[in-house]
Amino acid sequence: RTRREGDDTEAINRMFTPEFRNRLDATIAFAGLPPEIIMKVVEKFVFQLEAQLADRGVTIELSEEAAKWLAETGYDEKFGARPLARVIQEHIKKPLADELLFGKLQNGGTVRVLVAGEGAERKLAFEYIPADPAQRPKAAKEGDEEDDGEEGEEEGPALVEAASRKALPGPRDKKDRPKPGGAVPRVPRRKDE
């Protein structure tokens, strides 16, 4: 028996009555998470954040040093990786929000997350590489002659134009009406009404 297992057994004996302990099939002691797993959790959280920012055209490049800083700051021996979400919220999401709304990332771009400072003064720093908004439309216009129209940017305006030219539907016949949804079934009317 290790010291940890002995401490766990003592805590279980103090906390639960013998009647309850007899009903348990087994007790499982969980060890702390190793650093490799914490790094995977950091990658998962950053990947989720990048997926949220994908529709704005923003990508995140996390340096290895920044990933280690997040793993160290966001891990607690008692609570595991639970504080990591709060650390990412405070140190990455909040600073990025201002840049997304009012700064260099309004039109998308890349964010490099780095660590600045030494020792206890270490903190995250960001390098913003804005996307060039002039490049996207030019690439789409130049591709008109060579492309066969399968590019996503080209289909967008064509679909809008086709939808605006489409005639509005006329009145529907009774048989064309969609079936109503919901839990209450519709009762058919009598023919004499």
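What follows is calculated from the coordinates using simple rules that are stated; it is not laboratory data. Quick caveat, the model's predicted, so the values are computed rather than measured. Note that we place each Cβ from the backbone using ideal geometry, even for glycine, and neighbour counts take in every protein chain shown.
Sort ARG122, ARG189 by Cβ crowding within 10 Å, fewest neighbours at the top.
The most exposed by this proxy come first: ARG189, ARG122.
For a label point 7 Å from the Cα of PHE102 along Cα→C-beta, name the residues of segment 31-52 whose backbone N is under 20 Å from it.
The answer is none.
Contour minus end-to-end for PHE47 and LEU33, with contour as 0.36 nm per residue of separation and end-to-end as the Cα-Cα distance?
3.0 nm
Can you flag which of LYS44/LYS104; LYS68/LYS123; LYS44/LYS94 are past 20 Å Cα-Cα?
Pairs exceeding 20 Å: LYS44/LYS104.
What spacing in nm lies between the two simple spin-label points modelled at PHE16 and ALA54, each 7 Å away from Cα in the Cβ direction?
4.3
Would you please calculate the Kirkwood hydrodynamic radius of segment 35-130 over all C-alpha pairs and express it in Å, rounded to one decimal?
By the Kirkwood definition, the hydrodynamic radius is 13.6 Å.
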